[in-house]
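Reading through the structure tokens given below for one structure.
Throughout, read-outs are computed from the coordinates displayed, never taken from laboratory work. Note that the structure is predicted; figures quoted are calculated from it, not measured. Quick reminder, even Gly has a Cβ in these numbers, built from the backbone with ideal geometry, and neighbours come from all protein chains shown.
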Amino acid sequence: MAGVPKPLTDEEIEARLAKLPKWNRDGDEIHRRVDIRYHAGVALIVHIADRERRIGHHADINLRIDHLHIAVTTHDADCKLTEADFDLAARIDAIAEAHQATPLD
């Protein structure tokens, strides 16, 4: 089927994870926690969502009072990990860094 992203092998996934130290694998999903205050987290989500819309790939984001939990997989590839997931993860890292995503007292 044309247009369906190709799932990565375990070796390819491990190589890509090595370049994204804040991300962990849980089965066919990668995830990370971003420590950030609630209202700053809302702003971060808006920025991430805008980028996701532009690239046509999205993360599952869970906003908590002092952090975000972000999980990524490719739904179009039967919820397997693809290159698009690691591209999005790197973009999310850059956005989080730009938002100085650290908890404040």
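Summary of values
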read-out	value
Which label in (1) 15, 48, 29, 7, 1, 0; (2) 14, 45, 29, 11, 2; (3) 16, 53, 29, 2 gives the computed P(r) over Cα pairs in 10 Å bins from 0, in percent	(1)
Distant-in-sequence amide H partners of Thr82 (H built 1.01 Å from N, under 5 Å)	Leu8, Thr74
Under 21 Å from Lys6, Cα to Cα: lysines that are on another chain or at least 8 residues apart	Lys19, Lys80
Highest average packing first - 51-58, 26-33, Cβ atoms within 10 Å	26-33, 51-58
Cβ-Cβ FRET estimate between Val46 and His75, R0 fixed at 25 Å, reported to 0.05	0.70
Residue-span extension gain [Ala94 to Tyr38] - 0.36 nm each, minus C-alpha spacing	18.3 nm
